[in-house]
1. Taking the residues in the stretch 12-30 that are open to solvent by 60 Å² or more (accessible area, probe 1.4 Å) and in a loop (DSSP other than H, G, I, E, B) as candidates, determine which candidate is nearest to Ile169 (Cα to Cα).
2. Looking at (1) over 15 Å from the mean Cα position of the chain (by Cα); (2) closer than 24 Å to Leu30 by Cα, find the lone condition where Ile114 falls short.
3. Can you work out which of the residues in the stretch 141-193 that are out of contact with any helix residue (DSSP H, G or I) (no Cβ under 6 Å at 6 or more places or on another chain) and basic (Lys, Arg) is farthest from Tyr52 (Cα to Cα)?
4. May I ask you to say which residue of Leu121, Leu143, Leu126 is out of contact with any Leu (no Cβ under 9 Å at 6 or more places or on another chain) and closer than 19 Å to Leu173 by Cα?
Amino acid sequence: MNYYIGLSMAASSGMDSGVAVLDEDNNLILVDKLYTMNDVMFFFDNYPSLKYSKICASLVWDRTMLNGKWRILGKPYQQVATNKLIPNRDGWTHRYSTRGCEYFKSLTEKGIEINRFELYLTRQSLHLDSCYKERSPADCKFLQQTLRLEWDLDLPTNMMPMAQLEAIIGAILAKENTKHPENIKVISSFKDMNVIDVVKNPKTLDRLAV
C-alpha cells in the first residue's frame, strides 16, 4: 500500500509547518505540526513506511526582513535579474526560500519520490481558494469544511490548524500525481525538483461523476 504525504513548509521555525498522511482509501492516517527542520528530519527519518510513500512539499515563501522601504514595496513586482542597475544584494528579490532543500535532495538520493507545489496556485486549481483573507479564521474554516464535505475526508468539526489543512492539500496532490499522472503538469523547477499542479480539478472529471 502506498501512502501520500503532504508537507506545508513555513518560512521559519517561529511558524508552524504541517504534515499530513493519506492512504490509498483516502483515510487520513496522521496530521501533525512541526516547527524546526530538525522536527521535519526526525519525522521522515523515523517514518516506517517512507519507502512506500510519495511526498509533496510546498514551496517556502522567503519572508526575510528587508532593509529599505523601496525593497519591501518592490519585492512582489520586481522581476528577478532584469535590471542591472538594481543589484540583488542579500537575495531581496527571491520569492522562495531554500529551507529544507538540502534534506529533500538527500531523500531523493535514497530513492524517495518528492515533488514541490505552490500552495496558493494548487488551492486555486483544486477550487479550494476562498474570498476571505489569507489564513484568517474564516479562510481556515472554509478550507476545512470544503475538504470535509467535497473531498470526503473525515475531519473533525472543531477548527484545525491552517498548517495541517495546507498539508492535506499536498497529500491530495501527491495521490493525484500517482493515480492519474495525466492530470498533472510541471509548472516549474526549484532546486532540481519539479513543482507540480493539477491540469484540471479532479472533482470535475468524469471519473468522479459516478
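The values are calculated or read from the model by the stated rules, or taken from the named source; none is laboratory data. Quick caveat: nothing in here was measured; it's all calculated off a predicted structure. Glycine gets a Cβ as well: all are built from the backbone with ideal geometry, and neighbour counts include every protein chain shown. These accessible areas exclude ligands, DNA and RNA; they are computed on the full protein's heavy atoms, side chains included. Shrake-Rupley method; radii C 1.70, N 1.55, O 1.52, S 1.80 Å.
1. For the stretch 12-30, the residue satisfying everything is Asn27.
2. Single failed check for Ile114: (1).
3. It comes out as Lys141.
4. Result of the check over Leu121, Leu143, Leu126: Leu121.
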